[in-house]
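Note sheet for the following structure.
The values are calculated or read from the model by the stated rules, or taken from the named source; none is laboratory data. Predicted, not measured: the structure shown is a model, and the values here were computed from it. All Cβ positions, even for glycine, are placed from backbone atoms using ideal geometry, and neighbour counts span all protein chains on display. We work out accessible area using only protein heavy atoms, side chains counted, and drop any ligands, DNA or RNA first. Shrake-Rupley method; radii C 1.70, N 1.55, O 1.52, S 1.80 Å.
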Amino acid sequence: MPRVMRTPRAIEIDITNRCNLRCEYCYHFSSEGDVAADLPTDEWLAFFDELGRSSVMEVTLGGGEPFVRADLPELIEGIVRNRMRYSVLSNGTLITEDMAAFLAGTRRCNHVQVSIDGATPDVHESCRGAGTFRKAVHAIEVLQAHGVPVAVRVTVHHRNVRDLPNIARFLLDGLGLPSFSTNAASYLGLCRDHADGVALTVEDRVLAMTTLESLNERYGGRIQAAAGPLAEARMWREMVRKTAEGGAAGDCPGGCLSSCGGVFSKLAVRADGVYVPCTLLPGIALGRITVDGLEDVWNNHPELERLRTRQTLPLAGFDECGGCDYIPHCRGGCPGLSYTLTGSPYRPSPDACLRRFLAESGLGADTFLPGNGVTP
Amino acid sequence: MPSACRVVANPSTVFREELDDWALLFNPDTGAVYGLNPVGAFIRKRMDGSRSVRDFADLVAEHFEDVPDEVELEVSAFVEELVGMGFAEYLES
Ligand code: SF4
Ligand code: SF4
């Protein structure tokens with residue numbers, strides 16, 4: 001099992017529960033992260049002082065939309081004063097020239113992540129709403145002009161999956177970004193209510209994998225993914241290759257629910273100041289900032305300790321994994337997704353299940369062998 | 001730098017003590033992260049501006065076992081590296 005750091009190295013914060021948009025697939029507004037009220041400036045500043053004393057190195061500000069907070073510059077100054085770096089996750093529509101200049105002036109911004117879902121207004125705005133494309137692209141341009149690193153996130157969904165080549169050309173050739181990352185509209189959050197029109201179908205997932213793998217080859221590895229179709233294709237290739245080579249059965253981290261390393265090095269906070277293990281596990285409350293000490297929660301909270309031992313739960317013990325050939329090389333997927341889909345973070349995530357994906361798509365496992373493309 | 005020169009840690013950098021006496025240094029201005037073994041962490045904790053490389057070498061020899069004869073050279077190279085990365089600076093003697 002990985003070692004637990006003495007204090008979290010990074011903190012992810014929903015700095016506000018408010019957002020100026022309502023993207024159809026957004027997880028936030030139908031999850032337990034959708035809390036009643038934002039905290040006042042002073043409370044966040046006191047918390048940042050505590051983070052500084054605990055030698056936390058990095059803060060990620062998400063939400064909601066962080067730039068709706070008029071006090072965001074004051075909050076960022078509190079982060080900088082406490083010797084930390086920061087990143088901001090944004091829809092880009094509220095980032096002005098002045099804000100870009102402010103962020104550049106702090107010299108501590110790791111990146112601002114701006115969401116772009118299309119190469120044209122109609123595709124981008126099909127889930128994000130009218131008038132959002134031009135503003136998001138303008139945000140990228142002013143951030144670039146001020147030398148603030150920009151990380152673009154493309155969420156792949158039913159309405160843009162056929163536009164991925166145009167999106168890659170627009171971002172990498174047109175805007176000259178060094179890279180971009182991809183994810184998928186999953187069944188988290190609002191997507192549960194709009195699943196028919198937005199979530200990827202099995203056919204869409206196959207198409208997204210094929211397209212992203214070939215685009216990534218064409219662009220020399222400049223497309224990244226920690227989740228979603230490209231990450232799944234990579235993970236499943238590894239599982240199929242190792243299974244074909246005949247690995248030993250049952251040793252962790254393969255063979256156990258070992259995919260989440262987050263609980264060993266980072267913690268998250270909801271907009272109401274409640275500590276949670278991850279922004280994707282907003283229902284597991286661990287205490288409240290400025291009331292419960294960070295180091296006490298980190299080192300002693302029983303639920304956090306339990307989540308860390310998740311790594312030792314063997315997949316062979318779950319009915320849904322019975323008789324599966326991939327057990328020795330499977331890690332069970334993100335606990336946040338398992339929590340949403342099954343009601344428990346202590347089960348494998350159905351979305352990350354290779355056996356299920358092969359059964360639903362009709363693909364053969366050899367699709368994922370080296371040299372083979374993900375084609376039906 | 002002469003071994004008698006005193007050394008002080010850069011107060012705008014972060015010193016994170018980890019398990020088993022290992023530690024991390026973090027420079028928030030550059031994002032650089034530097035891992036310290038227990039001897040490096042021992043020295044960094046004592047960089048308050050009152051001690052020189054020679055003092056550190058003496059303290060290391062006192063506190064650790066099997067310290068090599070060339071400890072002062074090794075400490076000097078380590079301090080030089082921290083100074084080069086902005087984690088510490090020499091004080092005028
Ligand atoms: S819960 Fe999921 S998203 Fe959160 S750290 Fe773990 S794997 Fe990553
Ligand atoms: S059934 Fe699915 S989740 Fe379980 S071991 Fe097989 S591939 Fe992994």
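On average, how much accessible surface per residue is there in the range A:221-376, in Å², for a 1.4 Å probe, leaving out ligands, DNA and RNA? Each step should come with its number before you reach the end.
Working: 6520 Å² over 156 residues.
Result: 42 Å² per residue.
Using a 1.4 angstrom probe on heavy atoms only, work out the carbon and sulfur share of the accessible area of chain B in %.
Ligands and nucleic acids excluded, carbon and sulfur reach 48 percent.
Taking the Kirkwood radius as the inverse of the mean 1/r across Cα pairs, report the Rg/Rh of the protein assembly as shown.
1.00
Is any residue of the range B:49-78 close enough, with backbone N under 11 Å, to a label point placed 7 angstrom from the Cα of B:LEU91 along the Cα-Cβ axis, and if so, which?
B:49-52
In peptide A:7-16, what is the residue-averaged number of other protein chain Cβ atoms found within 10 Å of each Cβ?
1
Mind checking the log10 I(q)/I(0) for the range B:6-91 at q = 0.20 Å⁻¹? Debye, one equal scatterer per Cα, no solvent, two decimals.
-0.90
Compute the FRET efficiency between B:VAL83 and A:ALA359 as 1/(1 + (r/R0)^6), taking r as their Cβ-Cβ distance and R0 = 56 Å, and round to the nearest 0.05.
0.40
With springs only between Cα atoms under 10 Å, which of A:GLY254, A:GLY33, A:GLY343 fluctuates most in a Gaussian network model of chain A?
Fluctuation is largest for A:GLY343.
Amide H neighbours of A:THR60 under 5 Å, at least 5 residues apart or on other chains, H built in the peptide plane: list them.
Amide H neighbours of A:THR60: A:ILE11, A:GLU12, A:ILE13, A:SER87.
Summed for both chains, how many Å² of accessible area, to the nearest 100, are buried between B and A with a 1.4 Å probe?
Summing both chains' loss of accessible area gives about 1400 Å².
Each residue of the range B:2-12 in turn: what ³J(HN,Hα) in whole Hz from Karplus with 6.51, -1.76, 1.60 and θ = phi - 60°, glycine and Pro shown as x?
My calculation for the range B:2-12 gives x, 5, 8, 5, 7, 10, 10, 6, 6, x, 8 Hz in order.
Compute the relative contact order of chain A as a whole-number percentage, counting only Cα pairs closer than 8 Å that sit 6 or more residues apart in sequence.
Working: 723 pairs, mean separation 69.0, N = 376.
The value is 18 percent.
Accessible area per residue, 1.4 Å probe, Å², for the range A:32-142: what's the number?
Details: 3990 Å² over 111 residues.
Counting only protein heavy atoms, the per-residue value for the range A:32-142 is 36 Å².
How large is ³J(HN,Hα) for each residue in the range B:46-58, as worked out from phi by the Karplus curve 6.51 cos²θ - 1.76 cosθ + 1.60 (θ = phi - 60°), to whole Hz, x for Gly and Pro?
Listing the rounded values in order: 9, 7, 9, x, 9, 10, 9, 4, 4, 4, 4, 4, 5 Hz.
As an exercise, use a Förster radius of 35 Å and the Cβ-Cβ distance of B:ASP20 and A:ALA36 to find the FRET efficiency, rounded to the nearest 0.05. Show your work: numbers first, answer last.
Details: r = 43 Å, r/R0 = 1.23.
About 0.20, to the nearest 0.05.
Would you mind getting the accessible area per residue of the range B:6-91, heavy atoms of the protein chains only, 1.4 Å probe, in Å²?
I get 50 Å² per residue for this part.
What does the range A:249-336 give for Rg and for Dmax, in Å, if only its C-alpha atoms count?
15.0, 48
Can you list the residues in the range A:40-69 whose accessible area drops by at least 20 Å² when all protein chains are present, compared with the chain alone? Use a 1.4 Å probe, heavy atoms only.
Residues shielded by partner chains are A:SER55, A:MET57.
Using the charge dipole of chain A (Lys, Arg: +1 at Cβ; Asp, Glu: -1 at Cβ; taken about the Cα centre), state which of A:PHE318, A:PRO178, A:THR120 has its Cα farthest towards the positive end.
Going by the Cα projections, it comes out as A:PRO178.
Can you list which of the trypsin sites (Lys or Arg not before Pro) found in the range A:1-110 are DSSP loop residues with at most 14 other C-beta atoms within 10 Å?
Qualifying residues, ordered by number: A:ARG3, A:ARG18, A:ARG22, A:ARG107.
With charges only on Cβ, +1 for K and R and -1 for D and E, what is the dipole size of chain B about its Cα centre, in debye, rounded to 20?
440 debye
Given +1 on the Cβ of Lys and Arg, -1 on the Cβ of Asp and Glu, and no further charges, what dipole in debye does chain A carry about its Cα centre, rounded to the nearest 20?
Around 840 debye, computed over chain A.
Ranked from the most accessible area to the least, with a 1.4 Å probe and all protein chains present, what is the order of A:PHE47, A:PHE318?
Ranked from most to least accessible, the order is A:PHE318, A:PHE47.
Just A:HIS138, A:HIS157, A:HIS124 to compare: in a GNM of chain A, with alpha carbon springs under 10 Å, which one fluctuates most?
So, out of A:HIS138, A:HIS157, A:HIS124, the one fluctuating most is A:HIS138.
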